[in-house]
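What follows is a single structure, written as structure tokens, with notes after it.
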Amino acid sequence: MAGPDLCYSEDVPLKSAILGLPTVKGQPLFFGMEAGDQQMAMETLMDEYGEPRAFSNVVGHYVRKHDGVLFLLEMSGVPLLDECYCLLGYKGVERVIANISLYSGGISNSIDLDTIYATAPIAMCVVDREGLLLSANEHHVLLSGRSLFDTSGAHISLLHPELEEKIQNDFSRLDAGGYVSDHEVSIDGRDYAVSVTPVRNASGAIIALSLAYFDITERKSLERKLQNANERLRHLSIHDHLTGAYNRRFFDAILRREAALCKRHVRSLSVVLIDIDFFKLYNDRYGHVAGDECLSRAAEAMMQCLLDICGDLYRYGGEEFAVVLPDYDAVNAHAVGERLRAAVAALQIPHESNNGGVVTISVGVATLQKNLASMSLFNIAEHLVAEADKMLYVAKSSGRNTVRSLGV
């Protein structure tokens, strides 16, 4: 259990034992985790909008100092939110999924360490502080495309240029008592995870780094395919397939988020509701195929209109659309509504059943201007939409093709 400051609010005996601490209570959630793992783990806690989200299978590397055993801990958790969607903390679990001894206390005389190193099924090498290769095995020769004779004493930058800066940074981190995480590099069109282990002399000083290359090409390919598939699914889940605007479900989520920010920071928030005038008559006169084309063209015109203010258009339902405008007061929100109205009218789509003979829109705007601290987020959002809908009704009653606004 961690609080909103991402520090443990209670002890985790397993974590305390690995880190050699009486308790991890009060320590940061990722205390003791390798730096690279920490950055990746932090990115999993928030979504692309900076909102807390559930996470799972986050793996961190931890070294138990007294015996040099490397532990891999897997973390999963969910955010805890109050009714205002403010983060209270995270609740989750941690478990050990692997442990590896980094220091050998001896090995059977029947097995030669040099032979094991030379014939290891992965590419391995040892690099000194100057970046020179002290040793390399057979698979590293195949990876580098050079003979053992050519690689001996060669600089790492000549073989794998992208590793030079990373290795020097690794030495600096290890000298400062920190940890280093695996590096990902691409060599001849294949992806590798490079695991780094310090090599120490008899006095414990770090004199070199041992590098092991693990081929992760297939894994990375699957990750990219999964990421692309997830991005497509997310796009489909939040967009309206006909118009390309965001859908009602996403509108509700964004409005709740903006209501929470509005309540927390006491700022303005406006909602714009839009209705295509006499759209049912348009469908009856021109047909549903033409009606779909009309919706798409009107939506495209409004989305283009919103580009320079970084606004988003949502299909609210049927021929109705909506816009959420954070930090817009009533005057500026009304101006946006007027620009949207003008953009659709400028398309000059024929509509014989409408005043003026072309497709137009009616617009209702509501702006939250007073402190509604006593209202829940749901009520704030519901209230704002209800008021915008009233203004839309007034716009329709006033002859349509017009904008009506109200500060609430």
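Tabulated data
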| quantity | calculated |
| --- | --- |
| Table column - 3J(HN,Hα) (Hz), the stretch 130-141, Karplus curve with 6.51, -1.76, 1.60, x for Gly and Pro | 8, x, 8, 6, 7, 7, 7, 9, 4, 5, 5, 4 |
| Test item: Cα-centred dipole of the chain, Lys/Arg +1 and Asp/Glu -1 on Cβ, debye | 1140 |
| With DNA, RNA and ligands ignored, accessible area of MET391 (1.4 Å probe; Å², nearest 10) | 30 |
| Antiparallel DSSP beta bridges within the chain, as percent of all bridges there, nearest 5 | 90 |
| Dimensionless Rg/Rh of the stretch 251-294 - Kirkwood Rh, Rg from C-alpha atoms | 1.32 |
| Tail weight of P(r) past 28 Å, computed on alpha-carbon pairs of the stretch 250-408, percent | 20 |
| For the stretch 174-261: rounded, prolate or oblate by the Cα gyration tensor [a/c cutoff 1.5] | oblate |
| Amide hydrogen neighbours beyond the local backbone of VAL358, cut-off 5 Å, H modeled | HIS351 |
| Kirkwood hydrodynamic radius (C-alpha pairs) into Stokes-Einstein, the stretch 1-62, 10 °C and 1.306 mPa s, D in µm²/s | 129 |
| Amide proton proximity set for ASP312, modelled H, under 5 Å, gap of 5+ | VAL324 |
| Unit charges at the beta carbon, dipole of the chain: most positive-side option, TYR282, PHE55, LEU132 | TYR282 |
| Computed accessible area, THR360, all protein chains, 1.4 angstrom probe, square angstrom | 10 |
| The stretch 268-356: proportion of alpha-carbon pairs further apart than 22 angstrom, % | 27 |
| 5 angstrom amide H check on SER405, placed H, neighbours 5+ away | VAL365 |
| Largest to smallest accessible area among ASP308, ASP128 [probe 1.4 Å] | ASP308, ASP128 |
| Above-threshold pairs, the threshold being 23 Å between Cα atoms, out of LYS280/LYS390; LYS25/LYS263; LYS15/LYS65; LYS15/LYS91; LYS91/LYS263 | LYS25/LYS263; LYS91/LYS263 |
| Convex hull of the chain built on C-alpha atoms - directionally averaged projected area, nm² | 27.1 |
| Label point distance in nm, ALA176-HIS66, each placed 7 Å from Cα along Cα→Cβ | 2.8 |
| The stretch 213-305, accessible surface, carbon-and-sulfur percent (1.4 angstrom probe) | 56 |
| GLU94-ASP284 FRET efficiency (beta carbon distance; Förster radius 45 Å; 0.05 resolution) | 0.10 |
| Whether the stretch 213-265 is rounded, prolate or oblate, judged on the alpha carbon gyration tensor where a/c under 1.5 counts as rounded | oblate |
| Net +/- balance of residues flanking SER221 in space, Cβ distance below 12 Å, scoring K and R +1, D and E -1 | +1 |
| Average accessible surface area per residue within the stretch 257-339, 1.4 Å rolling probe, Å² | 44 |
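The values are calculated or read from the model by the stated rules, or taken from the named source; none is laboratory data. Here the structure is a predicted model, which means the values were calculated and not measured. A quick note on method: Cβ atoms are made from the backbone with ideal geometry, for glycine too, and the neighbour counts reach across all protein chains shown. For accessibility, only protein heavy atoms count, side chains too; no ligands or nucleic acids. Shrake-Rupley method; radii C 1.70, N 1.55, O 1.52, S 1.80 Å.
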